[in-house]
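Single-structure report; data block below.
The values are calculated or read from the model by the stated rules, or taken from the named source; none is laboratory data. Note that this is a predicted model, so its numbers are computed, not measured. Neighbour counts run over all protein chains shown; Cβ positions are idealised from the backbone, glycine included. Surface accessibility is based on the protein's heavy atoms, side chains included, excluding ligands, DNA and RNA. Shrake-Rupley method; radii C 1.70, N 1.55, O 1.52, S 1.80 Å.
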Amino acid sequence: MTASGFDGALKRVLVHEDGYADHPADPGGATMQGITQRVYDGWRRRHQQPVRPVRRIAPDEVAAIYRRQYWDAVRADDLPAGLDYALFDAAVNSGPAQAAKWLQRTLGVTADGQVGEATLAALDGRPPAPLIDALCDRRLAMLRGLRTFPTFGAGWTRRVAEVRAAAKALAGAATPKPARETGGAARARPTDTRLARTADGAGGLISGAGVLGAVVAEQADRLAPLASFAEPLKWLFAALMLAGVALTLRGALTRIRAGEVTP
């Protein structure tokens, strides 16, 4: 990609991040054009400038922060058209590391949160449109589980739908009309389960289960796109799978002890 890829992507991001906000339910606090006061303070200090209210951020600072801390962080210049914008917007909304993990799990590579050579190599020969869909599905599944979804969920859902459509149009893919939002989305769990959507997060929640925990985490992540209409069912499937594996192991140990099979 070239610099023009960033310029166009930034314009699209700022459509969603326009203006000043300081919502009491937003843990990011005061925000101007999507940039929080904390991020702006850090940027000013690194450039030997006195801190000031984020409301006074200059347009060139906005572009520089987005370029350095989000676009470059996910190596968007090395991604195909459309996917670069989808990953960039996800990074702005949920952080570069989380966005990178969504892409890496979609590609089937190690999800370390860093877009490196292995991740880029896995993109070779892969059409971008299905990757954009999978990335947006994973992103929306996580958002639906956040405790703040009842407050911000309608806007997040609309944003992901618009990003998906624009990214697929950039990728040259035909974009179907987004499905009408239904009341089912309001059934998001009230707790913040952002880590439970990932193999590392779910693995941490059940770390005592060892290998079985990793298996359940992977299956839960694969089923994440179903969260929009079957959140409880997804984890029921994972629990049943764990129980089945445990019973299989128990039966094998019983047969070994009985001398039916050789260990």
Global geometry of region 66-138, whether rounded, prolate or oblate, following the gyration tensor of its Cα atoms and the 1.5 cut on a/c: rounded
In Hz, Karplus ³J(HN,Hα) per residue of region 82-99 (6.51, -1.76, 1.60; θ = phi - 60°; x = Gly, Pro): x, 5, 4, 5, 4, 6, 4, 5, 5, 5, 5, 7, 10, x, x, 5, 5, 4
5 Å is the cut-off here: which amide hydrogens, built 1.01 Å from N in the peptide plane, fall below it relative to ASP112, excluding neighbours closer than 5 in sequence? none
Keeping every protein chain present and rolling a 1.4 Å probe, give me the accessible area per residue for region 68-142 in Å². 34
Could you tell me the calculated FRET efficiency between ARG45 and ARG147, based on Cβ-Cβ distance and R0 = 25 angstrom, to the nearest 0.05? 0.20
Take the solvent-accessible surface of the protein heavy atoms, probe 1.4 Å, and return the percent of it on region 1-112 that carbon and sulfur atoms account for. 49
With only alpha-carbon atoms in the gyration tensor, what are the semi-axes of the equivalent ellipsoid for region 1-89, in Å, largest first? 24, 15, 11
Rg and Dmax of region 94-173 over Cα atoms: what are they, in angstrom? 13.3, 40
Mind giving me the FRET efficiency for ARG56 and ASP7? R0 is 22 Å, r the Cβ-Cβ distance, nearest 0.05 is fine. 0.40
With a/c under 1.5 counting as rounded, go ahead and sort region 28-156 into rounded, prolate or oblate using the C-alpha gyration tensor (a ≥ b ≥ c being the square roots of the eigenvalues; past the cut-off, prolate if a/b is larger than b/c, else oblate). oblate
How much length, in nm to one decimal, is gained on full extension between GLU162 and ALA21, taken as 0.36 nm per residue of separation minus their Cα-Cα distance? 48.7 nm
If you stretched the chain out fully between ALA154 and ALA63, how much longer would it get, using 0.36 nm times the residue separation minus the C-alpha to C-alpha distance? 30.1 nm
